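Notes to accompany the following structure.
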Amino acid sequence: MCALSSPAQTIDIEQLSGGNTLVRIGADEKSKYLLLPIEEKAPEASVRVICGNDQMRTLNLRLALDKVDYYVPFCIDEWRGREVKLLTRMSVDRTNGREVENEICWSKIRLSDSFDKSNREKLRPAFHHTPEYAWMNDPNGMFYLDGEWHLYYQWGPYGSMWNNMTWAHSVSRDLIHWEHRPEVLKPDALGAIFSGSCVVDHNNTAGFGAGAVIALYTSAAEVQTQSLAYSTDGGNTFIKYEGNPILTADIADFRDPNMFWNDEIGKWNLILACGQEMRIYTSDNLIEWTEDSRFGKSYGNHEGVWECPDLFKLPVEGTDQQKWVLICNINPGGPNGGSATQYFIGDFDGKKFTVDNVDRYIDGKALWQDYGKDHYAAVSFSNAPDGRHTMIAWMSNWEYANVVPTMQYRSANTIAREPFLYQADGEIFLGSRPSPEYDGAGLDQTVKVKGSCQILLANQDGEQFAINYDQQTMTLSCDRSRSGQIDFSPHFNEVATAPVHRKLSSIRIFIDNSSIEVFGNNGEVCLTSLVFPSSTFSELIVNKR
Ligand code: FRU
């Protein structure tokens, strides 16, 4: 047994048999955090956090073997006055014959009252939402209430690679500046907290009080089930429902519940991703759900798992028609590789979704909301003002999300967008306009277009990002092959191409420190791309072709 760090710190580390280690933090320890040394190349160790004889948490940690990439804080505050133990099991391939004592994490692990969250990443976006530190993927449970846009998100607090999923929380009043609030849902005995949705239960249908915010999320362990939590303080803290899970099924991929109030039938609807189809349910109280139909077999793209659904009704611009849009994120299978957001247009009678024109979706054909490589898990805010269906996506791609060249944090969200339906060539398409909050905010540039052209975004380091509009082939494409760091993944250096359905008269561009979002005709065609340049693209050159 060895005592580490300064004498004031009571941390004892004991190597046991078979690659197991026992860390003890004394009952008289007053520090708030245990700082865990992480090395991203190290395999995951499974760590049980124990207080008394009870297991409090299970963590999967890439504890440093040879070098410390960064520290992550594990808060031990809630067990102050009691001994906290970490029983760490190293997998065989983790130690790889090495003496456990020689793993650098054991000499570097330490206690601290503070954790420095100040930004260390020069590529961190200026006006896109990012987590303060560690890993982020899908936006979850987004809703609007009393002037605030609430964004929860898949957060992995113990490293900048996917794992240990919780719901973290950020809030914005203008969709530009985000305030980080404490995480709201942590893993429990039913599993990690995967994606889901929130609604404001104005009429107390669930019995947790009028105006309670109800969250449905996936509990993910050996099986995936759906669980409920409610908030009576406007979404800042949640209480998990005693009767969880509230929905189960005999299928492995069963996740990402998205619910909404359907005025046309006076009931709640729920859409859930199940393997490669969507299941649709109704409920009066948000707790008991009846399955009414399934959608998706033989329609659209099936090269990957269907995830993160959404379903809402929109007017078709320029007509007096309204249509339902079913959002289906899929990984992989995207039009330019990896994960992407496909959509279906049709009708929904409260129980069954029917596509309008089957021909558009047969033989693997699919329609996509954004043809860039970095638009995934897009869903809409609930309870948004003026009937809006404002959407935000995760701005990355599962092909390389875990290895993009930032370390303090990984992943940002797209800017918020307003989905709309427009007609072209006798068909209806889904477009996405930057939300009105960005108008006049000085974050974007618009290039007027007359015929084919190339727009080059360049920086002082000789790097560039090319946007090509070809009016002969009616395509808009983005080429990031010379945009800076690209070699961290073989999938990153790819040109993304989108079909254009109406001749373009403008291309609107949002450039941030590590992303470029391109909107043809202000959102009829969208391409979202990550970039990792040496300096920001400050020059814009237009070449006619
Ligand atoms: C989509 C997804 C969801 C799941 C979550 C887990 O990116 O795979 O289906 O709920 O991420 O983090």
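The values are calculated or read from the model by the stated rules, or taken from the named source; none is laboratory data. As the structure is a computational prediction, the values presented were derived from the model and not from experiment. Glycine gets a Cβ as well: all are built from the backbone with ideal geometry, and neighbour counts include every protein chain shown. Just so you know, the surface numbers come from the protein's heavy atoms only, side chains and all, with ligands and any DNA or RNA stripped out. Shrake-Rupley method; radii C 1.70, N 1.55, O 1.52, S 1.80 Å.
Couple of notes before you dig in:
- Shown are GLU317, GLU242, whose ranking by accessible area with a 1.4 Å probe and every protein chain present, most to least, is GLU242, GLU317.
- Probe 1.4 Å - accessible area at SER481, Å² to nearest ten: 40
- Here the accessible area is traced with a 1.4 Å probe on the protein chains. For the chain, carbon and sulfur cover 46 percent of it.
- Net length available on complete extension from ILE265 to ASP284 is 5.8 nm, with 0.36 nm assigned per residue and the Cα-Cα distance removed.
- For ASN140, the amide hydrogen comes within under 5 Å of the amide hydrogens of TYR152, TYR153, GLN154, counting only partners 5 or more places away or on other chains and with H modelled in the peptide plane.
- Amide hydrogen neighbours beyond the local backbone of LEU367, cut-off 5 Å, H modeled: TYR343
- Accessible surface, the chain, averaged per residue in Å² (probe 1.4 Å): 39
- 15 Å beta-carbon shell around GLN460, net charge (K/R +1, D/E -1): -1
- Amide hydrogen neighbours beyond the local backbone of LYS32, cut-off 5 Å, H modeled: SER112, ASP113
- Classification of segment 504-545 by its C-alpha gyration tensor yields an oblate form. The axis ratio a/c (a ≥ b ≥ c) is 1.5 or more, and b/c is at least a/b.
- Working note: Karplus 6.51/-1.76/1.60 with θ = phi - 60° gives segment 342-359 the couplings 9, 9, 10, 10, x, 10, 9, 9, x, 10, 9, 9, 10, 6, 6, 10, 3, 4 Hz, where Gly and Pro are set to x.
- Segment 157-309: radius of gyration over Cα atoms, expressed as a fraction of 2.2 N^0.38 Å: 1.06
- Sequentially through segment 314-319, phi angles give Karplus couplings (6.51, -1.76, 1.60; θ = phi - 60°) of 9, x, 8, 4, x, 9 Hz, Gly and Pro residues having no value and appearing as x.
- Radius of gyration and Dmax over the Cα atoms of segment 236-390, both given in Å: 15.7, 49
- Cα gyration tensor category, rounded, prolate or oblate, for segment 190-277 with a/c compared to 1.5: oblate
- Summarising the label geometry, the points placed 7 Å from Cα in the beta-carbon direction at MET407 and LEU87 lie 3.3 nm from one another.
- With coordinates expressed along the principal axes, the C-alpha atoms belonging to segment 349-469 extend over 55, 41, 37 Å, beginning with the largest.
- Assuming charge only on the beta carbon of Lys and Arg (+1) and of Asp and Glu (-1), the dipole of segment 160-264 about its Cα centre is about 280 debye to the nearest 20.
- Between VAL447 and ALA424, the modelled label-to-label distance comes to 1.8 nm, taking each label 7 Å out from Cα in the direction of the beta carbon.
- Prolate/oblate/rounded label for the chain (Cα gyration tensor, a/c 1.5): oblate
- Placing a pseudo-label 7 Å from each Cα along the Cα-to-Cβ vector at ASP188 and ARG173 gives an inter-label distance of 3.4 nm.
- For segment 249-266, 3J(HN,Hα) per residue [Karplus equation, 6.51 cos²θ - 1.76 cosθ + 1.60, θ = phi - 60°, Hz, x = Gly/Pro]: 7, 8, 8, 5, 8, 9, 7, 6, x, 10, 10, 7, 7, 10, 4, 5, 10, x
- Too-long pairs where the Cα-Cα distance tops 29 Å, listed order kept, from LYS365/LYS448; LYS85/LYS117; LYS117/LYS313; LYS67/LYS122; LYS323/LYS365; LYS41/LYS117: LYS365/LYS448; LYS117/LYS313
- For segment 1-90, the Rg and Dmax computed from alpha carbons only, in angstrom: 12.7, 35
- Compactness of segment 41-86, taken as the C-alpha radius of gyration over 2.2 N^0.38 Å, stands at 1.31.
- Computed with a 1.4 Å probe over protein heavy atoms only, the accessible area of THR446 comes to about 70 Å².
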